[in-house]
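The values are calculated or read from the model by the stated rules, or taken from the named source; none is laboratory data. Nothing here was measured: the structure is a model prediction, and the numbers come from that model. So basically every Cβ, Gly included, is an ideal-geometry build from the backbone, and we count neighbours across all protein chains shown.
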Amino acid sequence: MSLVDRDLKVIWHPYTQMKTALPPIPIVRGEGACLYDESGKKYIDAVSSWWVNIHGHAHPHIAKKVSEQLNKLEHVIFAGFTHEGAVALAERLLTLLPGNQQKAFYSDNGSTAIEVAIKMCLQYWHNKGEGRTKILAFKNAYHGDTFGAMAVSGRSAFTAAFDSLLFEVEFIDLPNKENIAELKSQISGLKSELACFIFEPLVQGAGGMLMYEAQYLDELMKHCRNEAVLMIDDEVFTGFGRTGKSFACYHVTEQPDIMCFSKGLTGGTMALGMTTCSQQIYDAFLSDDRLKTLFHGHSFTANPIACAAALASMDLFMEPATQSNINRISTSHKAFLDKIKHHPKVKTVRQTGTIVALEWETGNDTSYFSSLRDTLYQYFLNAGIILRPLGNIIYILPPYCITDTELSYIYSKIMQALEEI
Ligand SMILES: *Cc1c(COP(=O)(O)O)cnc(C)c1O
């Protein structure tokens, strides 16, 4: 039996309507920005394998460090025990973050990093004996698929089956020049109930690569600071260079209380989540009263192999070549947008660092489930490019090692699609 036939017998794929989806493509190896299937066909991974890969596939440095770690220590319980990789990774990550970030808590993925952040905020107020239990979030937010993370995400077709069970969240519009004053007064009105404000900085990824200006986020954050509303900066997607700077929080001056990381953390090699926090948050859990403990942990918390992958990825991230690749991709994206922004089929274009998006003009039919999305997806696959449009929004989000030739090829195929579809 072929791999595809065996797959179809036993596998249920994520975000996939198994009745109508085309069979999955069996990938056998990866190198640089490319993946290769069983028949040897090459695909440029223009979405970094769901936004996780930053240095390219099967990177030899990460492979070497992971393999060395495997022969030393594969895993150890992280309550009551520690190990070099977990400590070294926390030390290194914290030095890259705003000065107020002092402690690191490990989990397994982006959604769990968010769950931990939410629990830290809610229990912070609980431990202090203050009844602040409401959470503030942006409309169209995406913070993950577990229940807490889903609750602080925008309500959509994806959450519809669970809406009645999700805890109540105050959703506000993305800030801009016109509404910033109104948003601030909304926050002030709720402040005695608000435990925290959670946001994706500058770019709402899954919401459709929606972008907003750093200046207004900064104003909102300053206002939250004044009103003692804790801030969770979800850098699961924007962390590790995506927005042009190492972390998106460096586009603003105010510092968040809590930050969440996953996706690029291990260079896209394996699952790992981290939630960092300020001393103030951490101190609210220190007590002789055991009930003030943060009762949270996963079996694979701070897995040594995942930590080794993250440390190796960070070695590469710190190389000057990585920042120059990020700059090169940003410049190249900008030139591409200048070329296509006036095309009649292009409704709008936007870019933040290495993330570029264009909205396809569809008249009134903009549904995620519209056939345009499937047509585009298949068109690019046929051309050997992995792009997964979000409805009518095409975005490119490449590993930083992507070559100029590969980028030009992607741009040219998008321009060709604009003519042919
Ligand atoms: C992907 C994502 C998450 C969830 O991460 P998973 O590892 O997929 O659970 C959370 N927040 C943002 C901003 C994301 O893009």
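Could you say whether any residue in the stretch 230-241 is within 22 Å of S153 (Cβ to Cβ) and in contact with a His (Cβ under 6 Å, 6 or more places away or on another chain)? Yes; the residues of the stretch 230-241 include at least one that is within 22 Å of S153 (Cβ to Cβ) and in contact with a His (Cβ under 6 Å, 6 or more places away or on another chain).
Taking I281, is it within 14 Å of the ligand (Cβ to nearest atom) and farther than 30 Å from K64 by Cβ? In short, no.
Applying the condition of being in contact (Cβ under 8 Å) with a residue 40 or more places away in the chain and part of a loop (DSSP other than H, G, I, E, B) to the stretch 1-33 and asking which residue is surrounded by the fewest Cβ atoms within 10 Å (Cβ to Cβ) yields L22. Among residues of the stretch 134-146 that are closer than 13 Å to F171 by Cβ, those with a Cβ under 7 angstrom from a residue that is near the ligand (Cβ under 6 Å from one of its atoms) and part of a loop (DSSP other than H, G, I, E, B), sequence gap 6+ or separate chain, pair up as A141/E200; Y142/G205; Y142/A206. Within the stretch 17-33, the set of residues being more than 17 Å from Q378 (Cα to Cα) and either within 16 Å of the ligand (Cβ to nearest atom) or of a type in the set (G, A, S) (or both) comprises G30, G32, A33.
All conditions in (1) within 10 Å of the ligand (Cβ to nearest atom); (2) surrounded by fewer than 18 Cβ atoms within 10 Å (Cβ to Cβ) hold for S111, with the sole exception of (2). Here F162 meets the list (1) within 15 Å of the ligand (Cβ to nearest atom); (2) farther than 25 Å from L217 by Cα almost entirely, failing just condition (1).
Within the bounds of the stretch 34-55, is there any residue that is acidic (D, E), surrounded by fewer than 22 Cβ atoms within 10 Å (Cβ to Cβ) and closer than 30 Å to A383 by Cα? The answer is yes; a qualifying residue exists.
Yes or no, residue by residue, for (1) in contact (Cβ under 8 Å) with a residue 60 or more places away in the chain; (2) in a helix (DSSP H, G or I); (3) not assigned by the TED database to the domain that holds Q204:
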| position | (1), (2), (3) |
| --- | --- |
| Y36 | no, no, yes |
| S39 | no, no, yes |
| N53 | yes, no, yes |
| S67 | no, yes, no |
| L73 | yes, no, no |
| V76 | yes, no, no |
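In the set R328, R350, R373, only one residue is free of Cβ contacts under 8 Å to residues at least 24 places away in the same chain and of a type in the set (D, E, K, R); that residue is R373.
Across the stretch 216-254, the qualifying residues are those that are polar (S, T, N, Q) and in contact (Cβ under 8 Å) with a residue 12 or more places away in the chain, and the one among them that is farthest from the ligand (Cβ to nearest atom) is T253. Criterion applied to L316, L294 was being away from the ligand (no atom under 16 Å from the Cβ) and in a loop (DSSP other than H, G, I, E, B), and the one residue passing it is L294. Of the residues making up the stretch 198-215, those that are touching a helix residue (DSSP H, G or I) at 6+ places or on another chain (Cβ under 6 Å) and within 16 Å of the ligand (Cβ to nearest atom) are P201, L202. Taking the stretch 366-421 as the range and being within 17 Å of G353 (Cα to Cα), touching a strand residue (DSSP E or B) at 6+ places or on another chain (Cβ under 7 Å) and of a type outside the set (A, V, I, L, M) as the test, the residues that pass are Y395, P399, C401.
Results for (1) assigned to a loop (DSSP other than H, G, I, E, B); (2) away from the ligand (no atom under 16 Å from the Cβ); (3) at pLDDT 95 or above; (4) among the charged types (D, E, K, R), shown as yes or no for each residue.
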site	(1), (2), (3), (4)
A90	no, yes, yes, no
K103	no, yes, yes, yes
I118	no, no, yes, no
L122	no, yes, yes, no
H126	no, yes, yes, no
Y142	yes, no, yes, no
F171	no, no, yes, no
L183	no, yes, yes, no
G189	no, yes, yes, no
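Give the stretch 144-169 a look and list any residue that's touching a helix residue (DSSP H, G or I) at 6+ places or on another chain (Cβ under 7 Å), surrounded by 18 or more Cβ atoms within 10 Å (Cβ to Cβ) and part of a helix (DSSP H, G or I), or say none. Of everything in the stretch 144-169, those that are touching a helix residue (DSSP H, G or I) at 6+ places or on another chain (Cβ under 7 Å), surrounded by 18 or more Cβ atoms within 10 Å (Cβ to Cβ) and part of a helix (DSSP H, G or I) turn out to be G148, A149, M150.
Hey, can you tell me all the residues within the stretch 319-344 that are assigned to a loop (DSSP other than H, G, I, E, B) and out of contact with any strand residue (DSSP E or B) (no Cβ under 6 Å at 6 or more places or on another chain)?
E319, H342, H343, P344
Pairs linking a residue in the stretch 268-293 that is more than 23 Å from E235 (Cα to Cα) to a residue that is part of a helix (DSSP H, G or I), with Cβ atoms under 7 Å and 6 or more positions apart or on different chains, are A284/Y124; A284/N127; F285/N127; F285/K292; K292/N127.
As an exercise: evaluate I258 against (1) buried (at least 18 other Cβ atoms within 10 Å of the Cβ); (2) within 22 Å of G353 (Cα to Cα); (3) in contact (Cβ under 8 Å) with a residue 60 or more places away in the chain and give the number of the one condition it does not meet. Looking at each condition in turn, I258 falls short on (2).
Within the stretch 197-216, the set of residues being surrounded by 24 or more Cβ atoms within 10 Å (Cβ to Cβ) and farther than 22 Å from S156 by Cβ is empty.
From the list V47, V76, the one residue that fits, being modelled with pLDDT of 95 or more and within 16 Å of the ligand (Cβ to nearest atom), is V47.
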